[in-house]
Amino acid sequence: MALLDWITPESGLCLDGKGVRLRVPRWRDYAAWSRLRLQSREFLQPWEPIWPEDDLLRSAFRRRLAAYSREIDAGGAYPFFIFRHADNALVGGVTLSNVRRGVAQMATVGYWVGEPFAGQGLMSAALPAVLDFAFGDIGLHRVEASCVPENQPSRRLLLKSGFREEGMAPTYLKINGNWRDHLLFGMTAPGPSAQTDSPSVSAAP
């Protein structure tokens with residue numbers, strides 16, 4: 001289960017999964033983040049928007065943190081970096097974004113994992129903690145996700161985490177410079193009777 005920690009500004013918002021800890025990014029994460037992103041650039045670029053030329057610079061990271069702070073304060077998004085419990089290594093990130101309230105009560109989840117940590121089950125442990133936070137702590141009704149059809153690892157991750165594949169959206173997002181078709185996935189909050197054993201809020205083995 002995810003654990004919410006608002007004890008001090010320094011501790012911030014933290015979640016725990018099996019073998020991983022997630023928390024809001026901080027300035028001291030810059031070196032590890034920029035190193036991992038640079039090392040993983042060719043691995044990540046096929047699945048992401050084109051990176052700005054200054055994306056890995058300190059100034060861009062500072063702007064990123066300021067944007068994160070505004071989004072959290074407004075309740076519009078919740079970004080997390082993922083750290084491996086064993087050695088506190090930064091392994092990737094996951095963000096609940098585009099939080100919509102009113103009659104929708106939903107958000108979109110996106111994620112990335114660095115190339116050295118891919119295929120180790122770390123995102124399978126992190127994603128359920130974020131879903132638990134979404135449905136429990138901030139009371140959302142629905143979480144959506146998407147991936148390009150050839151990204152089979154991402155598709156398997158979403159299905160394993162309890163998402164339903166809901167269809168295909170043509171030219172849905174501009175990825176690596178091109179408008180790409182995406183598979184669409186969704187999950188709704190578990191009912192009271194399903195909350196204990198629902199795969200949407202359980203850390204994967």
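The values are calculated or read from the model by the stated rules, or taken from the named source; none is laboratory data. Remember, predicted model here, so these are calculated numbers, not experimental data. So basically every Cβ, Gly included, is an ideal-geometry build from the backbone, and we count neighbours across all protein chains shown.
The table below lists the values:
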{"quantity": "When residues of the range 170-205 are limited to those that are among the polar types (S, T, N, Q) and over 20 Å from Thr108 (Cα atoms), the one modelled with the highest pLDDT", "calculated": "Asn178"}
{"quantity": "Cβ-Cβ under 8 Å pairs, at least 6 apart or on other chains, the range 68-87 side touching a residue at least 60 places away in the same chain (Cβ under 8 Å), far side part of a helix (DSSP H, G or I) and among the acidic types (Asp, Glu)", "calculated": "Tyr78/Glu71"}
{"quantity": "Near pairs, Cβ below 6 angstrom, 6+ apart or cross-chain, from the range 25-43 (among the polar types (S, T, N, Q)) to any residue that is assigned to a helix (DSSP H, G or I)", "calculated": "Ser40/Glu115"}
{"quantity": "Subset of the range 52-91 [under 23 Å from Ser154 (Cα atoms) and among the basic types (Lys, Arg)]", "calculated": "Arg84"}
{"quantity": "Residue in the range 64-84 that is farthest from Arg28 (Cα to Cα), counting only those that are part of a strand (DSSP E or B) and of a type in the set (Phe, Trp, Tyr)", "calculated": "Tyr78"}
{"quantity": "Yes/no for Asp87 being part of a helix (DSSP H, G or I) and either at pLDDT below 95 or not hydrophobic (A, V, I, L, M, F, W, C) (or both)", "calculated": "no"}
{"quantity": "Filtered residues of the range 50-60 (kept if assigned to a helix (DSSP H, G or I) and either closer than 22 Å to Thr108 by Cα or of a type in the set (S, T, N, Q) (or both))", "calculated": "Ser59"}
{"quantity": "Filter pass, Pro49 being within 23 Å of Arg155 (Cα to Cα) and surrounded by 13 or more Cβ atoms within 10 Å (Cβ to Cβ)", "calculated": "no"}
{"quantity": "Residue match in the range 106-118 (condition: on the phi > 0 side of the Ramachandran plot and either assigned to a helix (DSSP H, G or I) or modelled with pLDDT of 95 or more (or both))", "calculated": "no"}
